[in-house]
2 protein chains.
Amino acid sequence: MSEGAQDNQEHSHRVQGVRGLNRRQFLAGGVSLLAMSASSTLFDAQAEEPTDATDPMRVPGALPRSYGERSPLEKQVRLVASTSSTTPLQDLQGIITPSALHFERHHNGVPAIDPTRHRLLIHGSVNHPLFFTVEELKRLPSASRIAFVECSGNSRDGWGDARDATAQSLHGLTSTSEWTGVKLSTLLDAVHVQREATWMLAEGNDAAALARSVPLTDEVLNEAMVCYGQNGEALRPEQGYPLRLFLPGFEGNVNVKWLRRLKLGSAPFMTRWETAKYTDLLPDGRAYQFSLVMEAKSVITKPSGQQQLRQGFHEIQGLAWSGRGRITTVDVSVDAGRTWQPAQLQEPVLPKCHTRFRFPWKWDGQETIIQSRCLDETGYQQPIRDALIKVRGTHSSYHYNGIQSWKIGRDGLVRNVYA
Amino acid sequence: MSEGAQDNQEHSHRVQGVRGLNRRQFLAGGVSLLAMSASSTLFDAQAEEPTDATDPMRVPGALPRSYGERSPLEKQVRLVASTSSTTPLQDLQGIITPSALHFERHHNGVPAIDPTRHRLLIHGSVNHPLFFTVEELKRLPSASRIAFVECSGNSRDGWGDARDATAQSLHGLTSTSEWTGVKLSTLLDAVHVQREATWMLAEGNDAAALARSVPLTDEVLNEAMVCYGQNGEALRPEQGYPLRLFLPGFEGNVNVKWLRRLKLGSAPFMTRWETAKYTDLLPDGRAYQFSLVMEAKSVITKPSGQQQLRQGFHEIQGLAWSGRGRITTVDVSVDAGRTWQPAQLQEPVLPKCHTRFRFPWKWDGQETIIQSRCLDETGYQQPIRDALIKVRGTHSSYHYNGIQSWKIGRDGLVRNVYA
């Protein structure tokens, strides 16, 4: 009988023996690496070992599936509101957002598009207007990039009162995927763009006919893609199946989903989506228009709003990102901003991509406020809320990136506050 | 009326006008960047534009879903055989394998495990044996890493005759995910490993009680993890829900799924999974044992086995990976190995991770053989089949990493051959 088989029979028994004796020893042992609490509240799961007939070692398992969905015991979902759905930031791990949980924003529902009938038209100030089927696009030279997309309206609560809500509800309109498609420059070369063309209209095939103007800057020409892939397979319907425009670092809205048309021109096209909406109203009544880049932001997602904390060790985790490039540092404060210490960044740190930060912390049970602030490679630092509002006022609905403060009460409850 | 709305009404009309005129212009225009064929066979989709009442711009779209699965029109699946299921390599994009399409290998089915009742026991040559609930593990310091897992039996057909099959069927027991969990070193520190402990038994909670011995090398101590996360959410059931061992670069089998127990000891535990199986029989009757590392391999996935090619431009794509570290170069031959040219590697190139390579090519319609070969950062180059067999013979079932040759017939059919 192999060692494995021998031990196997003794497993339940050993576990029973181990539990009482050694958990305490472990906790009292002062494991410095873990900076763990010696309190017995750290590990409090006391469920019994399974010994019944459903023991998975006593019955053959199920057959694998041809498309292996998540366990039915997993319940994380997007919060679906009338016009958007938020990613459960507090439940995410690593930097990839599961495609099924990627945030979405729609303006007249999610269209059902048959990719075999879909066409992308490229016309306007070009010498050779063309349309492409999805299959044709897939046969062109391709590229893939792991990067975030964030709705410009993400974190908009920050402009108003501090709403008692979760990280998902407050900041969940941002997600990261590996996007695959054709570089925009490949397509523009194919249509022979005329010299006068400095802007491009991108239009969706949805019932809102959402359309945005994109300036043809060097950055756009170098980085923009027409995507058909997300995390290794086709785009999900909510993310633009079968085609979307992808403009790394730009507000989500211009990453036009269900993309059907690109029109080149010599000026912005002034659609309702960049005049009546998606502009940033300033205190003096003027407004920023085409404020396309998402500035650096960070959010602690664990612990975060409406979670219940216990005294002892916690790994503070969160996400940081910048539409300008790479995140260089994330600092964490656990004393309401009096002192800051650098968090560890998960490698590789990619440009215009969610970057997970981690920071070990032991909560002593006292009331406090935890915060994170990030710096990107351009030297831009995420502002405190007061500084942001001093410039922008409180009439905007977009581009809020102030430092998030979570207050932890003596009862362990985590709440959204302005500090 | 905005520019977008105006153009919108004219879309179908314009497309009709554009099609006849400009597709030909584009194709005849010699777009050098694309190195495209001037043949009209490049783009042959001739479906009509949708004009019926199901036009997605004329009806409001569907409501988004709280968990947004793929479009029902997408049909890629794993090929499910009696003991394993292969990833559709030829359909993948980028480097992330969709979790639902990650390959799986099981030895007595996929167990149904309730994570709230599951325990991980760590015992043997330790001073403080301990068990952990999944929740307890999630509260410890965490780490995430994008890396491949490959079954040691992947590509095993290479040891025998050249079977006419797809890339998926021949090489689909390899996949890449972002894995999240606790570093093994964190857990071993917690149990106070005794000095004599140089090996570790890892045992699964499946009905096979699969168990493997792992040497506690520096590499293992630095890199191994006990994982609960895959691509941002919980492990899928087929990949070990709720816990698996993750040993970057090691054969899949030792990355024990449904992990329930780690036992430390001073010698390998000689389970049936490392004596009767998962050893490499050599020509002289001896066998490699504990041949744990997956050596460098590459496979062209597009075009690949049983696909039908048309004359003209093709972007050759494939995956390369090495259990020893980063891929440094992938060369492609389109003339049966007479000449080789470097392919472009998708950035970032990560250690012990699938690396996508791309190579533009124009097929002239003549019979030929295409191949890829990779080099890793240790200087190891993927061998030709003859060189591999000279050392290893043909009695092994494991660790085949010879260069894959795809023959393209004059009829455009792609077939697996030995060249």
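Throughout, read-outs are computed from the coordinates displayed, never taken from laboratory work. Keep in mind that this is a model prediction, so the values were computed, not measured. Every residue, glycine among them, receives a Cβ derived from its backbone with ideal geometry; neighbour counts consider all protein chains shown.
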TODO: Run through the other copies and list how far each one's label point is from that of A:PRO60, in nm with one decimal, shortest first; the point sits 7 Å from Cα along Cα-Cβ.
DONE: 5.1
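Please get the size of the charge dipole for chain A, origin at its Cα centre, with Cβ charges of +1 on Lys and Arg and -1 on Asp and Glu, quoted in debye to the nearest 20.
The dipole of chain A has a size of about 700 debye.
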Task: Mean residue ellipticity (222 nm) of chain B, computed from DSSP H runs ≥ 4 via -39,500 (n - 2.57), nearest 500 - done: -3500 deg cm²/dmol
Task: Candidate lysines for bridging to B:LYS138, where Cα separation is under 27 Å - those fewer than 8 sequence places away on the same chain excluded - done: A:LYS75, A:LYS297, A:LYS302, A:LYS362, A:LYS407, B:LYS183, B:LYS257, B:LYS263, B:LYS352
Task: Cβ-based charge dipole, the stretch B:94-288, positive-most Cα from B:SER185, B:LEU140, B:GLY160 - done: B:LEU140
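R0 = 22 Å: FRET efficiency of B:ASP55 with A:THR116, Cβ-based, nearest 0.05?
Efficiency at R0 = 22 Å is approximately 0.90.
Classify the stretch A:297-417 from the C-alpha gyration tensor, please: rounded if a/c falls under 1.5, else prolate or oblate depending on whether a/b exceeds b/c.
The shape class here is oblate.
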Task: Chain A, closest residue to the rotation axis toward B, by beta-carbon, whole angstrom - done: A:PRO348, 3
- [ ] Let me know the charge dipole size of the stretch B:229-281 about its Cα centre in debye, to the nearest 20, where only the beta-carbon of Lys, Arg (+1) and Asp, Glu (-1) is charged.
- [x] 280
- [ ] Assuming a ≥ b ≥ c are the square roots of the Cα gyration tensor eigenvalues, decide whether the protein assembly as shown counts as rounded (a/c under 1.5), prolate (otherwise, with a/b larger than b/c) or oblate.
- [x] oblate
Open item on the list: With a 10 Å cut-off between alpha carbons and a GNM built on chain A, which of A:GLY232, A:GLY68, A:GLY160 moves the most?
Closed with: A:GLY68
- [ ] Quick one: net charge around B:HIS102, please, counting Lys, Arg +1 and Asp, Glu -1 for every other residue with C-beta under 10 Å from its C-beta.
- [x] 0
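What net charge is computed for the residues neighbouring B:GLU315, neighbours being all others with C-beta under 10 Å from the C-beta of B:GLU315, Lys and Arg scored +1, Asp and Glu -1?
Once all neighbours under 10 Å are counted, the net charge is +4.
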Task: In sequence order, calculated HN-Hα J values of the stretch B:332-338 (Karplus, 6.51, -1.76, 1.60; Hz; x Gly/Pro) - done: 10, 10, 10, 9, 6, x, 5
Open item on the list: Given contacts defined as C-alpha pairs under 8 Å and at least six residues apart, what's the relative contact order of chain A, whole-number percent?
Closed with: 16
Task: Partners for B:LYS277 among aspartates and glutamates (Cα-Cα distance below 20 Å; same-chain residues under 8 apart left out) - done: A:GLU3, B:GLU104, B:GLU150, B:ASP157, B:GLU203, B:ASP206, B:GLU251, B:GLU295
Task: At R0 = 25 Å, FRET efficiency that the Cβ-Cβ distance of B:HIS395 and B:SER82 yields, to 0.05 - done: 0.65
Task: Where labels lie 7 Å past Cα in the beta-carbon direction, separation of A:LEU73 and B:SER66 in nm - done: 2.0
TODO: Round to the nearest 0.05 the FRET efficiency obtained for B:ARG195 and B:GLU219 when R0 = 25 Å and r is the Cβ-Cβ distance.
DONE: 0.80
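Placing +1 at every Lys and Arg Cβ and -1 at every Asp and Glu Cβ, with all other atoms neutral, what dipole size does the stretch A:297-417 have around its Cα centre, in debye to the nearest 20?
On the way: 17 positive and 10 negative charges, 54 e Å.
Charge dipole, the stretch A:297-417, about its Cα centre: 260 debye, nearest 20.
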- [ ] Give the nm distances, rounded to one decimal, from A:GLN341 to the matching residue in every other copy, measuring between label points 7 Å along Cα toward the beta carbon; shortest first.
- [x] 5.5
- [ ] Given the options A:PRO72, A:PRO215, A:PRO268, state which has the largest fluctuation in a GNM of chain A using a 10 Å cut-off (strictly under) for Cα springs.
- [x] A:PRO72
- [ ] Could you pull the copy-to-copy label distances for B:LEU73, with points set 7 Å along Cα to Cβ, in nm to one decimal and sorted shortest first?
- [x] 3.7
